[in-house]
Amino acid sequence: MTEARLKARLWVQALIRRCMTEDIFAAVVRAGDHDAGAVLVKLNRLDAGGCTVFTQIRDRDGQAAWLRGTGPELVSEATADDYIARQLRYDEDLWVVEIEDRAGRHPMVEPVIAG
């Protein structure tokens, strides 16, 4: 039996709404396939130290999780944008959401797997 999954557009809208309720700025930088597009989240800490790009994955049990696609350390915004550009070359259905928060807060409820 397969688990019901939200369409990508609805999931992104819910993430933006969760950010709004926590007074965190978030915006859709690129809209992908409304039904099945994967999602990248760029967390920009602004002048507080750099960025992280989270990649949506499934863990070995099939549960939703996030992987730090740019690694465990913060990277420059240019490095984060380069990572996103490379991913877009492989998947043109990709959604990209940017969250800006100096403290590094994000409302993603799925676990983050070290990367």
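The values are calculated or read from the model by the stated rules, or taken from the named source; none is laboratory data. Computed from a predicted model, the values in this text were never measured in an experiment. So basically every Cβ, Gly included, is an ideal-geometry build from the backbone, and we count neighbours across all protein chains shown. Ligands, DNA and RNA are excluded from the accessible area calculation, which covers all protein heavy atoms including side chains. Shrake-Rupley method; radii C 1.70, N 1.55, O 1.52, S 1.80 Å.
Restricting the search to the stretch 22-45, which residues are within 11 Å of residue 101 (Cβ to Cβ) and open to solvent by less than 60 Å² (accessible area, probe 1.4 Å)? Walk me through it before giving the result.
Of all residues in the stretch 22-45, those within 11 Å of residue 101 (Cβ to Cβ) come to 22-26, 43-45.
Passing the criteria: 24, 26, 43, 44.
Please indicate, with yes or no, whether at least one residue in the stretch 26-44 is at pLDDT 95 or above, in contact with a Pro (Cβ under 9 Å, 6 or more places away or on another chain) and within 16 Å of residue 108 (Cα to Cα).
Looking through the stretch 26-44, at least one residue is at pLDDT 95 or above, in contact with a Pro (Cβ under 9 Å, 6 or more places away or on another chain) and within 16 Å of residue 108 (Cα to Cα).
Working only within the stretch 73-115, note down all residues that are under 21 Å from residue 16 (Cβ atoms), open to solvent by less than 60 Å² (accessible area, probe 1.4 Å) and assigned to a loop (DSSP other than H, G, I, E, B).
91, 94, 101, 104, 106, 107, 108, 110
Within the stretch 5-21, count every residue that is among the aliphatic types (A, V, I, L, M), within 16 Å of residue 110 (Cα to Cα) and open to solvent by 90 Å² or more (accessible area, probe 1.4 Å).
Here the count works out to 1.
Quick check on residue 45: is it among the basic types (Lys, Arg), in contact (Cβ under 8 Å) with a residue 12 or more places away in the chain and more than 18 Å from residue 8 (Cα to Cα)?
Details: among the basic types (Lys, Arg): yes; in contact (Cβ under 8 Å) with a residue 12 or more places away in the chain: yes; more than 18 Å from residue 8 (Cα to Cα): yes.
Yes; evaluated as a whole, the condition is true for this residue.
Give the residues of the stretch 46-72 that are under 18 Å from residue 109 (Cβ atoms), in a loop (DSSP other than H, G, I, E, B) and either open to solvent by less than 60 Å² (accessible area, probe 1.4 Å) or small (Gly, Ala, Ser) (or both), sorted by residue number.
59, 62
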